[in-house]
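Engineer: Sharing a structure below in structure tokens format, with a few things to ask.
The values are calculated or read from the model by the stated rules, or taken from the named source; none is laboratory data. It should be emphasised that the depicted structure is a prediction, and the values quoted were computed from it without experimental measurement. Here the Cβ positions follow ideal geometry from the backbone for every residue, glycine too, while neighbour counts run over all protein chains shown.
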Amino acid sequence: MNYCSTRGKEINVTSAEAIKNGLAPDGGLYVPTQFPAVSVDEMKKMLSMNYIDRAVFILSRFLTDFTADELQECAKNAYTGKFDSATPAPTVKLTDNEYVCELWHGPTCAFKDMALQILPHLLKASIKKTGEDKTVVILVATSGDTGKAALEGFKDVNGTKIIVFYPNDGVSDIQKLQMVTQEGGNVAVFAINGNFDNAQTGVKDIFSDPAFGKEMSDRGYVFSSANSINFGRLVPQVVYYFSSYLDLAASGAINIGDKVNFAVPTGNFGNILAAYYAMRMGLPVNRLICASNRNSVLTDFINTGVYDRNRDFYCTISPSMDILISSNLERLLFELSGRDDKLVLNLMGALKKDGRYTVPNEVKNAMSSLFWGGFIDDEATKAVINENFRNSNYIPDTHTSVALGVYEKYLKETGDKTKTIVMSTASPFKFAKDVLDALGTKTDFADYRLLSALEDEYKIKMPAPLKDLNKKEVRFKEVFEKDEMRKAVSSALK
Ligand SMILES: *Cc1c(COP(=O)(O)O)cnc(C)c1O
């Protein structure tokens with residue numbers, strides 16, 4: 001199977017090249033030239049497999065230039081001993097119709113671990129396949145979660161180094177502690193005096209600076225990215241949609257072939273796009289419920305066919321969904337338009353130029369027959385947390401609660417009783433302050449104390465990686481000016 005660009009179907013690369021390059025040379029995103037099929041019989045076969053074998057099965061359909069042994073090795077390294085649950089993505093029953101698939105049992109307690117634990121291994125194999133002999137340096141600009149997840153994923157992976165930049169005053173105390181105490185021999189973390197946009201721009205400048213690239217290349221390094229537009233981050237996410245469906249079937253809640261809904265707390269559209277890919281491969285799906293917070297650009301898009309980012313930006317209690325440009329939507333537009341690369345090119349041009357675009361009616365209709373969009377605000381999100389604790393003794397994090405709340409709206413509006421799996425994207429401990437607030441506990445003390453408050457008062461277990469975070473050695477203290485990022489990179493590669 002080969003890969004083309006959403007903006008140019010004539011581009012044609014192997015999966016290893018797509019993963020190594022990250023972004024297609026025309027600025028589009030790599031997509032498979034067709035969707036591999038998984039039959040009902042194959043799903044029945046997957047029932048008895050563990051998560052690693054299910055992952056190898058799905059990955060092998062997309063990454064056809066990888067051998068079965070290579071994929072087995074990648075999946076084993078990613079998902080063995082790194083997750084604090086019996087299986088990496090367990091599915092929990094809330095009611096007869098409503099299930100939660102927990103994607104946050106990995107080392108950083110957020111769903112990004114599901115892909116960022118395996119991406120380094122896929123990238124390493126891709127580098128070897130494409131004949132690259134340099135050390136690959138991953139540059140990351142982060143507003144919090146992605147940086148830590150990438151650090152944990154790339155930590156001590158041979159042949160790679162990772163350098164993370166975060167805005168000195170732009171991340172939470174817990175997020176900062178998670179990063180500056182990072183272990184591993186190939187990692188570097190720098191604060192910059194600037195905001196997230198400055199960090200992001202700085203990284204992009206480094207990528208597109210041929211002189212600096214040459215200098216680093218002479219020293220044996222080549223840059224790459226662990227950004228969510230990399231196909232190597234998308235395909236591992238397809239796995240848990242199959243896996244949670246199979247877990248429901250194994251428990252007797254559904255028969256293989258029965259349709260389910262998925263409700264997904266959405267930001268950059270990567271997670272819910274993986275659900276769409278799973279459906280295109282044959283996973284029986286009724287509706288995909290796209291849940292947003294007050295930054296409801298996607299809700300409006302699904303309802304009207306007009307994407308318009310010219311609007312106020314809100315900082316909410318589900319910050320990982322505070323996004324106005326959902327990059328991975330480009331891949332959906334490509335599919336829903338019947339793979340019309342010229343249309344995608346034009347729409348993305350309009351988005352860049354005017355901040356808005358309108359899709360043709362056929363695309364809008366295809367979208368709204370499968371996707372259902374909704375949003376709730378912070379107050380409603382907190383009410384969902386409280387309600388779930390009281391009714392089901394289950395404490396969801398703020399992001400998951402947005403999806404739970406939007407699903408309630410969906411249920412009210414449609415009366416659709418199809419069994420629904422809500423994707424849970426973070427541990428409640430990661431957003432302890434707002435969760436405690438929602439539960440009615442006073443929170444006027446330091447961040448790391450919040451964690452034990454949640455554990456002690458509500459008798460839920462704190463994830464091991466967040467334990468004693470404040471007692472770990474701080475390894476990274478350097479702060480650079482925003483125009484000194486090359487210097488930081490250079491010093492990290494000494
Ligand atoms: C990244 C993230 C999301 C959004 O996922 P997308 O793939 O960007 O749509 C939702 N919740 C949490 C906790 C996240 O970290």
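Engineer: Select from region 249-300 the residues that are among the polar types (S, T, N, Q) and away from the ligand (no atom under 16 Å from the Cβ) and write down the one among them that is surrounded by the most Cβ atoms within 10 Å (Cβ to Cβ).
Structural biologist: N261
Engineer: Being more than 30 Å from I162 (Cβ to Cβ) and not basic (K, R) narrows it down to one of L103, L94, so name that one. I'd like the intermediate steps shown before the answer.
Structural biologist: On the way: L103 fails: more than 30 Å from I162 (Cβ to Cβ).
Among L103, L94, only L94 is more than 30 Å from I162 (Cβ to Cβ) and not basic (K, R).
Engineer: Which one of these does D84 not meet: (1) modelled with pLDDT of 95 or more; (2) under 26 Å from P396 (Cα atoms); (3) acidic (D, E)?
Structural biologist: The single condition D84 does not satisfy is (1).
Engineer: Now for a separate question. Quick one: which helices (runs of 4 or more DSSP H) lie wholly within region 1-75 and hold at least 1 residues that are within 21 Å of L246 (Cα to Cα) and either touching a Cys at 6+ places or on another chain (Cβ under 9 Å) or without any contact (Cβ under 8 Å) to a residue 60 or more places away in the chain (or both)?
Structural biologist: By residue number, 40-46, 51-62.
Engineer: Restricting attention to region 409-425, report how many residues are of a type in the set (D, E) and assigned to a loop (DSSP other than H, G, I, E, B).
Structural biologist: 1
Engineer: Inside region 182-206, can you point out the residues that are at pLDDT 90 or above and closer than 19 Å to S225 by Cβ?
Structural biologist: Answer for region 182-206, where residues must be at pLDDT 90 or above and closer than 19 Å to S225 by Cβ: Q182, G184, N186, V187, A188, V189, F190, I192.
Residue-by-condition table, conditions (1) touching a Phe, Trp or Tyr at 6+ places or on another chain (Cβ under 8 Å); (2) on the phi < 0 side of the Ramachandran plot; (3) small (G, A, S):
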| residue | (1), (2), (3) |
| --- | --- |
| M216 | yes, yes, no |
| A226 | yes, yes, yes |
| L246 | no, yes, no |
| F262 | yes, yes, no |
| G270 | no, yes, yes |
| A291 | yes, yes, yes |
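Engineer: Could you tell me whether any residue of region 104-119 is away from the ligand (no atom under 16 Å from the Cβ) and in a strand (DSSP E or B)?
Structural biologist: No; the residues of region 104-119 include none that is away from the ligand (no atom under 16 Å from the Cβ) and in a strand (DSSP E or B).
Engineer: Test of understanding: among R219, R233, which residue is among the basic types (K, R) and within 11 Å of the ligand (Cβ to nearest atom)? Give the steps one after another, and end with the answer.
Structural biologist: Working: R219 fails: within 11 Å of the ligand (Cβ to nearest atom).
The unique qualifying residue is R233.
Engineer: Here's a check for you: in region 391-408, which residue that is touching a residue at least 40 places away in the same chain (Cβ under 8 Å) and in a loop (DSSP other than H, G, I, E, B) is nearest to A253 (Cα to Cα)?
Structural biologist: Filtering region 391-408 for residues that are touching a residue at least 40 places away in the same chain (Cβ under 8 Å) and in a loop (DSSP other than H, G, I, E, B), the one nearest to A253 (Cα to Cα) comes out as Y394.
Engineer: Can we say N388 is assigned to a helix (DSSP H, G or I), more than 16 Å from the ligand (Cβ to nearest atom), of a type outside the set (A, V, I, L, M, F, W, C) and surrounded by 17 or more Cβ atoms within 10 Å (Cβ to Cβ)?
Structural biologist: Details: assigned to a helix (DSSP H, G or I): yes; more than 16 Å from the ligand (Cβ to nearest atom): yes; of a type outside the set (A, V, I, L, M, F, W, C): yes; surrounded by 17 or more Cβ atoms within 10 Å (Cβ to Cβ): yes.
So N388 fits the description; yes.
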